[in-house]
Amino acid sequence: MLVKNKFLFNFSASHIGGGYKRLFAYSRIFNSRGGAYFIIRPNCKKIALLFNKNKYFYVEKSNFKRLLNDSYYLKAILDRIGSLNLYYAYGIPIYSKIAKVNWFHVSNVLPLSPHGIPISLFYYLKMQVLGYRIRRNLINADVISAESLFSLGFFGSQYKNNLFLSVNGSDNEIFLFKKKNLQKKNNIAVVVGTYDYKAISESFYVFKMIKKSY
């Protein structure tokens, strides 16, 4: 199947949460514009059924494979596609120049700063290895994006011309902010994420403390 846009989006590192939402959004918009190429996990197949103008490649990753070579599948896919105008890697280091424009998106800053976070020893070592690979291969990224200015702050001044703020969002959120009768609200607490290391129970404890004052 031929697609209109010579863009390859690599979402094989994430199939849940923010990664899935971004994959869904990108799939939808490029499907409406003639299609693009996507690398995804097998458990995201339902997206391929919804957006049939895109071409999807399925990659199954184990922790062991990711540790040895987290881009082992890429050459075979590139051989099938040919030259590309854009390669977008969601949380996956870019080990060489693949397209005319190579875009690395920081999906999680934990690999860049895992110290002091309540995670297992295995996960800590995994983040250390990934962080090393990310920093070592930033030279191959023409664009480096993240979802907050805080995240972009982990990159040195030598990359300032490559940085781009790419925030998360949703259609519901856009619709909400377009409402003219939107009222300002005070005293709102927000906790994002459900991974263990995000300390949900501690956050709830703090919430209950604050609630006593408000």
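Could you go through the range 64-79 and let me know if any residue there is outside any loop (DSSP other than H, G, I, E, B), among the aromatic types (Phe, Trp, Tyr) and at pLDDT 95 or above.
no
Would you pick out the residues in the range 6-23 that are at pLDDT 95 or above and surrounded by fewer than 20 Cβ atoms within 10 Å (Cβ to Cβ)?
Lys6 - this is the single residue of the range 6-23 that is at pLDDT 95 or above and surrounded by fewer than 20 Cβ atoms within 10 Å (Cβ to Cβ).
Restricting to the range 81-101, count the residues that are closer than 12 Å to Leu8 by Cβ and either assigned to a loop (DSSP other than H, G, I, E, B) or free of Cβ contacts under 8 Å to residues at least 12 places away in the same chain (or both).
Going through the range 81-101 one residue at a time, the tally reaches 9.
Taking Phe104, is it within 28 Å of Leu74 (Cα to Cα), without any contact (Cβ under 8 Å) to a residue 24 or more places away in the chain, assigned to a strand (DSSP E or B) and of a type in the set (A, V, I, L, M, F, W, C)?
In short, no.
Scanning for something among the polar types (S, T, N, Q) and in contact with a strand residue (DSSP E or B) (Cβ under 6 Å, 6 or more places away or on another chain), does the range 163-186 turn up at least one residue?
The initial filter retains those residues of the range 163-186 that are among the polar types (S, T, N, Q), namely 166, 168, 170, 172, 181, 183, 186.
From what is left, the residues that are in contact with a strand residue (DSSP E or B) (Cβ under 6 Å, 6 or more places away or on another chain) are 166.
Yes, the range 163-186 contains at least one residue that is among the polar types (S, T, N, Q) and in contact with a strand residue (DSSP E or B) (Cβ under 6 Å, 6 or more places away or on another chain).
Would you kindly identify the helices (runs of 4 or more DSSP H) lying entirely within the range 124-214 that contain at least 3 residues that are closer than 29 Å to Tyr95 by Cα?
Per the criteria, 149-152.
Under the condition of being over 9 Å from the mean Cα position of the chain (by Cα) and charged (D, E, K, R), which residue from the range 1-27 is nearest to Pro111 (Cα to Cα)?
Residue satisfying both the conditions and the ranking: Lys21.
Restricting the range 101-118 to residues that are of a type in the set (A, V, I, L, M, F, W, C) and closer than 30 Å to Phe7 by Cα, which is surrounded by the fewest Cβ atoms within 10 Å (Cβ to Cβ)?
Ranking the candidates gives Val101 first.
Find the residue count for the range 28-55, including only residues that are within 17 Å of the chain's Cα centre (by Cα) and among the charged types (D, E, K, R).
Going through the range 28-55 one residue at a time, the tally reaches 2.
Give the number of residues within the range 1-46 that are more than 24 Å from Pro93 (Cα to Cα) and among the β-branched types (Val, Ile, Thr).
Count: 2.
When you check Lys75 against the structure, is it over 28 Å from Val192 (Cβ atoms), assigned by TED's automatic domain parsing to the domain that holds Gly18, basic (Lys, Arg) and surrounded by fewer than 17 Cβ atoms within 10 Å (Cβ to Cβ), yes or no?
When the stated conditions are applied, Lys75 passes them.
Residue pairs, Cβ under 7 Å, 6 or more apart or interchain, first in the range 131-145 and on the phi > 0 side of the Ramachandran plot, second assigned to a helix (DSSP H, G or I) and of a type in the set (Phe, Trp, Tyr). List them.
Listed pairs, sorted by first residue: none to list.
In the range 168-205, what residues are surrounded by 10 or more Cβ atoms within 10 Å (Cβ to Cβ) and either in contact with a His (Cβ under 7 Å, 6 or more places away or on another chain) or among the hydrophobic types (A, V, I, L, M, F, W, C) (or both)?
Within the range 168-205, Leu176, Ala189, Val191, Ala199, Ile200, Phe204 meet the criteria.
The values are calculated or read from the model by the stated rules, or taken from the named source; none is laboratory data. Here the structure is a predicted model, which is why all the values come from computation and not from measurement. FYI the Cβ positions are ideal-geometry reconstructions off the backbone, even for glycines, and counts take in every protein chain you see.
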